[in-house]
Amino acid sequence: MTHLIRATAAGGALLAAAALLAAGPAQAAPGGARGGDYLYLTVTKGDSRSSDTRGTLLLCDPPQGHSHAVEACARLAAVAGDITRITPAKDALCPMVYAPVTAQARGEWDGRPIEYSETFSNSCQLAARTGPVFALDS
């Protein structure tokens with residue numbers, strides 16, 4: 001009798017597995033797990049060996065992630081998430097001091113993957129070129 005119960009349990013497990021396979025692969029929810037536009041932003045001061053890196057996750061639906069999230073999301077929306085298309089500030093007067101900072105962004109905008117990395121001669125140049133996007137100060 002014990003053998004019959006094990007065989008029936010094993011047969012039931014096989015039947016359940018076959019039903020799952022026949023149903024096909026599971027589909028992800030539309031828009032992915034995060035939903036909306038997002039970028040993981042980092043700013044590193046110094047050269048590539050520096051450990052002085054700040055980062056945050058900028059979410060834009062609703063805007064959150066750093067103190068200038070509303071402005072950053074609006075600026076990104078105006079250029080469809082393409083950071084290289086942000087219009088630089090025309091009235092910025094930056095010192096000619098070499099103190100490199102590297103800005104990086106990785107995420108998704110309008111369903112497209114975003115990868116951005118650029119090194120600026122100093123933080124003033126970064127702010128003039130990218131506006132509030134990489135303004136990670138508290």
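Just so it is clear, none of the values below were taken in a lab; they were calculated from the coordinates. Note that this is a predicted model, so its numbers are computed, not measured.
For CYS94, the amide hydrogen comes within under 5 Å of no other amide hydrogen, counting only partners 5 or more places away or on other chains and with H modelled in the peptide plane. Take the Cα radius of gyration of region 66-138 and divide it by 2.2 N^0.38 Å, N being the number of residues; the result is 1.10. If you wrap the tightest convex hull around every Cα atom of region 37-78 and split its volume per residue, you get 77 Å³.
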